[in-house]
Amino acid sequence: MRLATKVSAFYLAATAALVVVLTAVTLLAFRSYLLTSATAHAQTAAEIVRVHLTEAMLLGTIGERARFLERLRDVQNLRNVYVMRSHLVDEQFGKSRKGEREPDPVEAAVLRTGSPHFETVETLTESYFRATIPYIATAHGTPNCLQCHQVAEGSVLGAITVTIDLNILRQHAIVTVMAIVLVIGLFAVSLLWLLNRLLRPVTQTAEEIAEVVHQGVEGRFTQRIQPKSNDETGRIAREVNRLLDTIDRALTQINEQIARVAGWRQRHDNQLQAGVDAVATLAAIAHFKQSIEEDREVAEIYRRILYLSRERFAVPETTLLEPHNGAIRVIGDEGRPLTHCCPGCVAAIAESPELCRAYRTEHLVDGLSDP
């Protein structure tokens, strides 16, 4: 996998994780805010209803409480309001259910314990908050509850259930979270584009370095890297090019010097292998030189040349010609002169050596390169 692909994949994974975490945190924050706000609104509504009912009792208009509770439904996000009387009020004033209803199990528990109950109901289609708040009798404040109610202080006189619609608030929260995610997504895409733009010179330089190294392993040092920037990446490219120039120039000079000394010719474009071949040639020449210097007579040198020609260089037909007293004589396999001419030359050369092109020009005659 390429470096840019790895970095992009890591960045996308990190961005996706960040979006998921931020979305979850934002939704939890919105939910906490909605519940806190709904609780405060429910308590405010319950207090408003309590004040209204108290004033209605003092003014003698308590019988109109049903219309008042019905009109509360017109308040935005307030789904419904229900008032329940405790059995203590029923025992004192009798049962009257105008604007009131029988308590459900949750409300009955609130009337019994005097502890408020809050719950949030969320489904795929709707969301609402329900609060059941008790009315506790107290001798403090205006009016004094104990002036009208013959109960002990701290007794539960009733309860109110307020249901607040959270659908609109939840929609606003979802839209807000989607907007946040969209902004983060756009920012992430822009940052990814910028990151790829910054990494492109690095990846391209790395790929070109890998290619020139591969070419170097193959013994070719002619390819160069194009610097993509003026930072560290560009400096690496220029320094690698300098290294390649130095290696290429050094190998070329070495091979040329060896070719000039030993008459050796490069047979392929692998400069490293050519250098190895050239050194091997020099080593063979040095070894041959040392060997013939230790031979006792010329015949041993001739035998050595014939052996190397046939066994090492795979030239099965080899003939040595030796100029002697104005003529040319053939050297046999034992390194001794023969009385007849070699099969590769015309017989007249033995009597007239100038007819031999190699003898006459004192140059190498290669019938393979020059038929």
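The values are calculated or read from the model by the stated rules, or taken from the named source; none is laboratory data. No experiment lies behind these values; they were computed from the predicted model shown. Here Cβ is always computed from backbone atoms with ideal geometry, including for glycine, and neighbour counts include all displayed protein chains. Surface areas here come from the heavy atoms of the whole protein model, side chains and all, with no ligands, DNA or RNA. Shrake-Rupley method; radii C 1.70, N 1.55, O 1.52, S 1.80 Å.
Numbers below:
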| read-out | value |
| --- | --- |
| Exclusive hit being in a strand (DSSP E or B) and either open to solvent by 70 Å² or more (accessible area, probe 1.4 Å) or at pLDDT below 80 (or both), set ARG130, ARG79, ARG71, ARG112 | ARG79 |
| 2 or more residues of a type in the set (Lys, Arg) and surrounded by 14 or more Cβ atoms within 10 Å (Cβ to Cβ): qualifying helices (runs of 4 or more DSSP H) within the range 267-371 | 298-307 |
| Hits in the range 115-127 (condition: part of a strand (DSSP E or B) and within 14 Å of ASN80 (Cβ to Cβ)) | VAL121 |
| Filter pass, ARG220 being open to solvent by 100 Å² or more (accessible area, probe 1.4 Å) and at pLDDT below 80 | no |
| Residue identified as in contact (Cβ under 8 Å) with a residue 24 or more places away in the chain and under 42 Å from the mean Cα position of the chain (by Cα) among ILE164, ILE174, ILE160, ILE184 | ILE184 |
| Complete set of residues in the range 160-182 that are over 17 Å from LEU124 (Cβ atoms) and touching a strand residue (DSSP E or B) at 6+ places or on another chain (Cβ under 8 Å) | ILE160, THR161, VAL162, THR163, ILE164 |
| Residue that is of a type in the set (Asp, Glu) and modelled with pLDDT of 80 or more, where the choices are GLU239, GLU256 | GLU239 |
| Filter result for LEU192 (of a type in the set (A, V, I, L, M), surrounded by 15 or more Cβ atoms within 10 Å (Cβ to Cβ) and assigned to a helix (DSSP H, G or I)) | yes |
| Hey, ILE236 within 29 Å of the chain's Cα centre (by Cα), open to solvent by less than 80 Å² (accessible area, probe 1.4 Å) and not polar (S, T, N, Q) or not | no |
